[in-house]
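Reviewing the structure listed below.
We did not get these values from a lab; they are worked out from the coordinates using the rules stated. The structure displayed is predicted, hence computed values, not measured ones. All Cβ positions, even for glycine, are placed from backbone atoms using ideal geometry, and neighbour counts span all protein chains on display.
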Amino acid sequence: MTSPVIQVYFIRHGIAAERGTYANDGQRPLSQKGILITEKVAQRLAALDLHVDTLLSSPLMRAVQTAELLCQADLATAFQVFEPLAPGGNLQDWLDWLGERSLGHETVALVGHAPDLSKWAQQLVQGERDAQWVFKKAGIIGVSLSDPKNSIGRSQLFWLAPPRLML
């Protein structure tokens with residue numbers, strides 16, 4: 001019997017307001033350009049019939065806004081804030097959360113930040129590596145996992161796209 005495959009989409013938040021324009025970096029919103037590009041990427045994903053069963057977002061404003069735009073494009077019905085997706089979060093915390101759920105053939109999307117999301121995806125596919133994949137704002141990495149408890153270095157990359165390929 002084969003394990004169910006979980007498709008995970010790592011989605012980097014859209015372009016945000018300039019650093020230093022807000023006293024609290026966590027409150028930095030998407031810029032107007034960031035909103036427009038993220039909306040177009042979300043619409044393109046919807047046109048490709050992507051729908052996620054679970055959408056998790058970093059608690060930072062720019063990630064929450066990105067998740068909201070994904071929901072508006074009907075990629076998910078709702079999202080929840082997930083603290084380990086904040087900058088500096090731990091991959092193992094997410095894998096533990098995922099392992100506690102009884103998942104079938106589910107699709108999960110994570111909205112967060114660089115360099116964490118690209119490191120997480122790369123660890124899942126290649127194991128521990130020092131190199132880092134290029135991950136543009138509003139970009140997407142897709143990884144298939146068959147076992148959350150034993151997925152580091154054993155997952156499969158199926159998508160790595162900058163936003164320009166989605167527009």
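Taking the DSSP bridge list for the chain and keeping only pairs wholly inside it, about 50 percent are antiparallel. For Lys40, the lysines whose Cα falls under 24 Å of its own Cα, not counting residues fewer than eight places away in the same chain, are Lys136, Lys137.
Ranked by the mean number of other Cβ atoms within 10 Å of their residues, highest first, the peptides 45-51, 11-17, 132-138 fall in the order 11-17, 132-138, 45-51. Annotation note: GluC sites (Glu not before Pro) in region 1-83 located in DSSP loop regions with a Cβ neighbour count of at most 11 within 10 Å are Glu18.
Straight-distance candidates among the aspartates and glutamates for linking to Lys149, with alpha-carbon spacing under 15 Å and chain neighbours fewer than 8 residues away dropped: Asp93, Asp96, Glu100.
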